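The values are calculated or read from the model by the stated rules, or taken from the named source; none is laboratory data. Small disclaimer: the values here were computed from a predicted structure and weren't measured. Backbone-built Cβ (ideal geometry, glycine too); neighbour counts: all protein chains shown.
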Amino acid sequence: MAQVDAYDVSGDVDYDKLIKEFGAKLIDDKLAKKLDYPLVPNLYFAHRDLDTIIKKKFAIITGRGPSMNMHLGHMILWKFMKHLQDKFDAHVFIPFSDDEKLLARGLSKEHVIRMDYENLLDIIAMGYDPKKTEIMLDLVNMKQEVYNLAIEISSHMTANTIRSAMGFSPESTIGLQFYPAMQAAHILYPSQKLGVPTLVPIGVDQDVFVKLTRDVAEKVGLPKPGDIMSKFLPGLTGNKMSSSKHETAIFTTDNYKTVKKKIMNAFTGGRPTVEEHRRLGCETSVCVVCKYQALLFQDLDIVKRCAKGEVLSGENKKDLLEKVWSMLELHQEKREKAKDQVKKFVPELSDYEPK
């Protein structure tokens, strides 16, 4: 039985069932064409009010919880955000919930500030327009307006509501129980500042924060936010990708040797013998390598050929390695150059020296 909540995901997720439980809608082909992005609706598959929000001016907001370095799953999100900014000429707001990582993970302030900086480089490397992009790190440059909004929002949230929605217990800290109000303030801040609704690209496990925000938005005089939800990118081992389990993910800072080792050890749907693979083909439904080929590079041809047994799993891995490293090497070059652009986005960290 699958479990999906803001702090834990386990088991095989039935996305259709989950979306029905959430009261959201699947993205149909007509709506997908309006977004004009290859990962919609295969990865970004469900929404709340997306169809109405994109008809007029809107802002985009999604956050980053800087507990570890970013991996390829995160890169997909930030590339999608950049696409939406360019296509709809939208203002992008990116709050870093570094404070929440202190509360939920028990991490040190020194660690999360270092991850703030490292993650910031990855985001800047995506090429966001500084004139249309606002990045706020809660522990570094929190805006007074956002805190004030969180306090106003908290007056419309009860402890029982938060505990029920988030699965908190009476033993959960006051700080952690207050955090949904801060998250709601993050989501609604662009609406307060710009007078437009917000759209939140988000993992399906984080949808609870959007639901809580929608419940209080009109009570503080702001429009309900919409969201566009993504499925989980599978980890290299066949389980959920996780920043805390390094073998499941390729990180943006990994070197070639590390990337090669991870991909060559990735879980596949290959058969026990070459003869059997040639005859039966790859079980692509469970093959992580095939899923990466389709989702990261839209290479359905090699997936089909692997399914027919024309391409062996080892050959498929080598092909994926070449593509991933080419993409990652370019990103790492841009990431290094991003150090000179930090001042444009978060001047408070422009002189930061990672220890």
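Looking at residue 12, is it among the acidic types (Asp, Glu) and not in a helix (DSSP H, G or I)? Talk me through it step by step, then tell me what you get.
On the way: among the acidic types (Asp, Glu): yes; not in a helix (DSSP H, G or I): yes.
Taking the combined requirement at face value, the residue satisfies it.
Quick check: anything in the range 144-164 surrounded by 14 or more Cβ atoms within 10 Å (Cβ to Cβ), among the small types (Gly, Ala, Ser), under 23 Å from residue 102 (Cα atoms) and at pLDDT 95 or above?
Among the residues of the range 144-164, at least one is surrounded by 14 or more Cβ atoms within 10 Å (Cβ to Cβ), among the small types (Gly, Ala, Ser), under 23 Å from residue 102 (Cα atoms) and at pLDDT 95 or above, which makes the answer yes.
Taking the range 319-355 only, how many residues are without any contact (Cβ under 8 Å) to a residue 12 or more places away in the chain, more than 20 Å from residue 123 (Cβ to Cβ) and charged (D, E, K, R)?
Residues flagged as without any contact (Cβ under 8 Å) to a residue 12 or more places away in the chain, more than 20 Å from residue 123 (Cβ to Cβ) and charged (D, E, K, R) within the range 319-355 amount to 1.
Consider residue 172 against the criteria (1) within 22 Å of residue 78 (Cα to Cα); (2) touching a helix residue (DSSP H, G or I) at 6+ places or on another chain (Cβ under 9 Å): it satisfies all of them except one. Which criterion is unmet?
The number of the failed condition is (1).
Which residues, counting only those in the range 128-153, are without any contact (Cβ under 8 Å) to a residue 40 or more places away in the chain and either acidic (Asp, Glu) or over 30 Å from residue 331 (Cα atoms) (or both)?
Within the range 128-153, 144, 147, 148, 150, 151 meet the criteria.
Working only within the range 133-153, note down all residues that are assigned to a helix (DSSP H, G or I) and closer than 19 Å to residue 348 by Cα. Walk me through how you get there before you give the answer.
So in the range 133-153, the residues assigned to a helix (DSSP H, G or I) come out as 138-141, 144-153.
Result: 138, 139, 140, 141, 144, 145, 146, 147.
Please state which of the following conditions residue 230 fails to meet, knowing it meets all the rest: (1) closer than 21 Å to residue 332 by Cα; (2) within 17 Å of the chain's Cα centre (by Cα); (3) among the hydroxyl-bearing types (Ser, Thr, Tyr).
Checking residue 230 against (1) closer than 21 Å to residue 332 by Cα; (2) within 17 Å of the chain's Cα centre (by Cα); (3) among the hydroxyl-bearing types (Ser, Thr, Tyr), the one that fails is (1).
Which number in (1) under 26 Å from residue 263 (Cα atoms); (2) of a type in the set (A, V, I, L, M, F, W, C); (3) modelled with pLDDT of 95 or more marks the one condition that residue 241 misses?
(3)
Which members of the range 154-193 meet the condition of being free of Cβ contacts under 8 Å to residues at least 60 places away in the same chain, of a type in the set (A, V, I, L, M, F, W, C) and assigned to a helix (DSSP H, G or I)?
First pass over the range 154-193, keeping only residues free of Cβ contacts under 8 Å to residues at least 60 places away in the same chain: 154-155, 157-165, 168-172, 174, 177-178, 180-181, 184-185, 188, 192-193.
When the remaining residues are screened for being of a type in the set (A, V, I, L, M, F, W, C), the result is 157, 159, 162, 165, 168, 174, 178, 181, 184-185, 188.
If the condition is that a residue be free of Cβ contacts under 8 Å to residues at least 60 places away in the same chain, of a type in the set (A, V, I, L, M, F, W, C) and assigned to a helix (DSSP H, G or I), then 159, 162, 165, 174, 178, 181, 184, 185, 188 are the ones that fit.
Of everything in the range 244-262 that's of a type in the set (S, T, N, Q) and modelled with pLDDT of 90 or more, which residue is farthest from residue 320 (Cα to Cα)? So that I can check it myself, show each step before the final result.
Step one: list which residues in the range 244-262 are of a type in the set (S, T, N, Q), which gives 244, 248, 252-253, 255, 258.
Next, only the ones that are modelled with pLDDT of 90 or more stay: 248, 252-253, 255, 258.
Numbers: 248: 16, 252: 16, 253: 18, 255: 15, 258: 14 Å.
Of everything passing the filter in the range 244-262, 253 is farthest from residue 320 (Cα to Cα).
For the range 95-132, enumerate the residues that are assigned to a loop (DSSP other than H, G, I, E, B) and hydrophobic (A, V, I, L, M, F, W, C). Break it down into steps so the answer makes sense when it comes.
Our first condition is that a residue be assigned to a loop (DSSP other than H, G, I, E, B); within the range 95-132, this holds for 97, 106-108, 125-129.
Answer for the range 95-132, where residues must be assigned to a loop (DSSP other than H, G, I, E, B) and hydrophobic (A, V, I, L, M, F, W, C): 107, 125, 126.
Please report, ordered by residue number, the helices (runs of 4 or more DSSP H) entirely within the range 248-303 with at least 3 residues that are without any contact (Cβ under 8 Å) to a residue 12 or more places away in the chain, surrounded by fewer than 20 Cβ atoms within 10 Å (Cβ to Cβ) and in the same structural domain as residue 67 (by TED's automatic domain parsing).
Values: elements: 256-264, 274-280, 288-297.
Result: empty, no element qualifies.
Kindly provide the set of residues from the range 51-75 that are part of a loop (DSSP other than H, G, I, E, B) and either touching a Pro at 6+ places or on another chain (Cβ under 9 Å) or not aliphatic (A, V, I, L, M) (or both), ordered by number.
Initially, the range 51-75 is screened for residues part of a loop (DSSP other than H, G, I, E, B), giving 54-58, 62-63, 65-70.
Within the range 51-75, 55, 56, 57, 58, 62, 63, 65, 66, 67, 69 qualify.
Hey, among 259, 324, 288, which residue is touching a strand residue (DSSP E or B) at 6+ places or on another chain (Cβ under 6 Å) and of a type in the set (A, V, I, L, M, F, W, C)? Walk me through it before giving the result.
On the way: 259 fails: touching a strand residue (DSSP E or B) at 6+ places or on another chain (Cβ under 6 Å); 324 fails: touching a strand residue (DSSP E or B) at 6+ places or on another chain (Cβ under 6 Å).
When all the criteria are applied, what remains is 288.
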